[in-house]
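Here is the structure we will look at.
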Amino acid sequence: MSKISTSTQIKEDYFLYLGRVYSGKGVDVAIQATERAGVKLVIAGQKEEGYKLPAHVEYVGYADVPTRKKLMANAKASFLPSMYVEPFGGVQIENLLSGTPTITTDWGSFAENNLHGITGFRCRTMGDFVDAVANCDQINPYDCRKFGENFTLEKVAPMYEKYFNDVMDVYTSKGWYADGNGIDAMTRFYPSIH
């Protein structure tokens, strides 16, 4: 993934949905919101045979790694409107690392990993999703990228190491009263509000 070196990134004129094409992942929400907003939606992912898509939607099928990178980096924003409590949402992090805002539901991992108004928008109603489409140009791609870097292997590995050492201290040391195992490992980057 290439680094974003400036505070602005030229985006193409489409929104993205990348994932399994079924209602649990919220594809219907993305379709309806972009239709109401009058914008193009590109869908990449596995689609059941016979699943009908309206005229404003372009279906590109399975996206390999190079295609994913290109689609994510060039989209105005990416929809991840999961209808269930998403445990992590790796596609969301991929979008952030591509400098692309995410438009998500407001539950599950998105409540923590999508900084509303900074890395994208968390939505609770169809009106929220349509408003997010209209306002996604307010999100700075650099902020998306920098926050996404909180989830790289280099950043996460020390956090896991601290966690496992803390657990081991419960069984082999003084537990709660043991010496610290590197509190700096838990530091995250949060973009400043502009």
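What to note about this one:
- Of the residues A33, A77, A44, the single one that is buried (at least 19 other Cβ atoms within 10 Å of the Cβ), within 25 Å of L153 (Cβ to Cβ) and among the small types (G, A, S) is A44.
- Applying a threshold of 6 Å to beta carbon distances and a minimum spacing of six or more residues, or different chains, the list of pairs starting in segment 71-84 at a residue that is among the polar types (S, T, N, Q) and ending at one that is surrounded by fewer than 19 Cβ atoms within 10 Å (Cβ to Cβ) and not in a strand (DSSP E or B) reads N74/E12.
- Meets criteria (in contact with a strand residue (DSSP E or B) (Cβ under 8 Å, 6 or more places away or on another chain), open to solvent by 10 Å² or more (accessible area, probe 1.4 Å) and assigned to a loop (DSSP other than H, G, I, E, B)) for L53: yes
- Considering segment 116-168, and only residues there that are of a type in the set (D, E) and touching a helix residue (DSSP H, G or I) at 6+ places or on another chain (Cβ under 8 Å), the residue that is nearest to G180 (Cα to Cα) turns out to be E161.
- Note on segment 136-179: residues that are out of contact with any strand residue (DSSP E or B) (no Cβ under 9 Å at 6 or more places or on another chain), in a loop (DSSP other than H, G, I, E, B) and surrounded by 11 or more Cβ atoms within 10 Å (Cβ to Cβ) amount to 4.
- Consider segment 97-133 and keep the residues that are part of a loop (DSSP other than H, G, I, E, B), over 19 Å from V42 (Cα atoms) and in contact with a Lys or Arg (Cβ under 6 Å, 6 or more places away or on another chain). The one that is most open to solvent (accessible area, probe 1.4 Å) is D106.
The values are calculated or read from the model by the stated rules, or taken from the named source; none is laboratory data. The structure displayed is predicted, hence computed values, not measured ones. Note that each Cβ is placed from the backbone with ideal geometry, even for glycine, and that neighbours are counted across all protein chains shown. With ligands, DNA and RNA removed, areas are computed over all heavy atoms of the protein, side chains included. Shrake-Rupley method; radii C 1.70, N 1.55, O 1.52, S 1.80 Å.
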